[in-house]
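K.L.:
So that we are looking at the same thing, I have put the structure below in structure tokens.
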Amino acid sequence: MGNPYDPYGQQPGYGQQQPGYGQQPPAQPGYGQQPAQPGYGQQPGYGQQPPAQPGYGQQPGYGQQPPAQPGYGAQTPAGQPGYQEVHHHHYGSTGQLAEWGSRAGGYIIDYLVVGGPFFVLYLIGSLLSGSGSGGAAVIGLLFLLIGLAVYIGLFLWICHQEGTTGQSIGKRQMGIRLVGAQTGQPIGFGMAVVRKIAHVLDGALCYLGFLWPLWDDRKQTFADKVCNTIVVRA
């Protein structure tokens, strides 16, 4: 039998209580409406203000995680102040700039390696050529040509060593190394030859270019500046 208090003729479910006299039944959602379910991730309704976010300089509340800070060496966003690294004449893994005395010692050793054999052969050729004898003059000229060939060969060999390994015989003995100022790597055979030729600029003006590393910030000669090279400790 139907409930006389139910205007729609609906029967209460099993175990449900009948509303008392004068009490209103619970509101039922209208047709097609979804019942509001409070849950995680709800968005504020129209006209409602979202929860306040901590402003700049405010401390996060208890239990909240502070914003992540950039690690050491990370790039800071544009417009934000960051820490500036101070360089003390170190160029990556290439080491510290070589002192003038080490450079001068290496250059003298290389000069003796290249110029010593040439000087001996040139001296012998000159003595034979000046003896007045036709045969001796020919032999003397031959010694001069051999001396010139030896000089060119040793010169190119020194350039090859500096260009591929960064160290000639003299630089290896002094514990220094020639590298590119930007890359920190050997400069190659061709650029090493150009640098040797550029030493002509160092010899101009009373060899001022060879003394320039004494007060230059990067300890470069004129040839180093032209070729963008530096000499570092190996």
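Results for (1) touching a Pro at 6+ places or on another chain (Cβ under 7 Å); (2) within 16 Å of Leu97 (Cβ to Cβ); (3) not charged (D, E, K, R), shown as yes or no for each residue.
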residue: Trp157; (1), (2), (3): no, no, yes
residue: Gln161; (1), (2), (3): no, no, yes
residue: Thr165; (1), (2), (3): yes, no, yes
residue: Arg172; (1), (2), (3): no, no, no
residue: Val193; (1), (2), (3): no, no, yes
residue: Gly203; (1), (2), (3): no, no, yes
residue: Pro213; (1), (2), (3): no, yes, yes
residue: Thr221; (1), (2), (3): yes, yes, yes
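K.L.:
Would you point out the residue of segment 148-164, among those that are within 20 Å of Arg177 (Cβ to Cβ) and free of Cβ contacts under 8 Å to residues at least 24 places away in the same chain, that is surrounded by the most Cβ atoms within 10 Å (Cβ to Cβ)?
P.N.:
Gln161
K.L.:
Restricting the search to segment 130-144, which residues are over 60 Å from the mean Cα position of the chain (by Cα) and hydrophobic (A, V, I, L, M, F, W, C)?
P.N.:
Ala136
K.L.:
Hey, can you tell me all the residues within segment 186-210 that are without any contact (Cβ under 8 Å) to a residue 12 or more places away in the chain and surrounded by 15 or more Cβ atoms within 10 Å (Cβ to Cβ)?
P.N.:
Correct list: empty.
K.L.:
Shifting gears a bit: State whether the residues of segment 79-94 include one that is surrounded by fewer than 18 Cβ atoms within 10 Å (Cβ to Cβ), modelled with pLDDT of 90 or more and of a type outside the set (Ser, Thr, Tyr).
P.N.:
Step one: of segment 79-94, the residues surrounded by fewer than 18 Cβ atoms within 10 Å (Cβ to Cβ) are 79-90, 92-93.
The next check asks that each one be modelled with pLDDT of 90 or more; those that pass are none.
There is no residue in segment 79-94 that is surrounded by fewer than 18 Cβ atoms within 10 Å (Cβ to Cβ), modelled with pLDDT of 90 or more and of a type outside the set (Ser, Thr, Tyr).
K.L.:
Of everything in segment 165-185 that's polar (S, T, N, Q) and within 21 Å of the chain's Cα centre (by Cα), which residue is surrounded by the most Cβ atoms within 10 Å (Cβ to Cβ)?
P.N.:
Residues of segment 165-185 polar (S, T, N, Q): 165, 167-168, 173, 182-183, 185.
Now restrict to residues that are within 21 Å of the chain's Cα centre (by Cα): 165, 182-183, 185.
Working: Thr165: 14, Gln182: 10, Thr183: 12, Gln185: 11.
Among them, the one singled out is Thr165.
K.L.:
Return the only residue of Val193, Val226 being in contact with a Gly (Cβ under 8 Å, 6 or more places away or on another chain) and not hydroxyl-bearing (Ser, Thr, Tyr). Even if it seems obvious, please write down each step before you answer.
P.N.:
Numbers: Val226 fails: in contact with a Gly (Cβ under 8 Å, 6 or more places away or on another chain).
Val193 is the lone residue from the list that is in contact with a Gly (Cβ under 8 Å, 6 or more places away or on another chain) and not hydroxyl-bearing (Ser, Thr, Tyr).
The values are calculated or read from the model by the stated rules, or taken from the named source; none is laboratory data. Because the structure is a prediction, the values reported are computed rather than measured. Methodologically, a virtual Cβ is constructed for each residue, glycine included, from the backbone with ideal geometry; neighbour enumeration extends over all protein chains shown.
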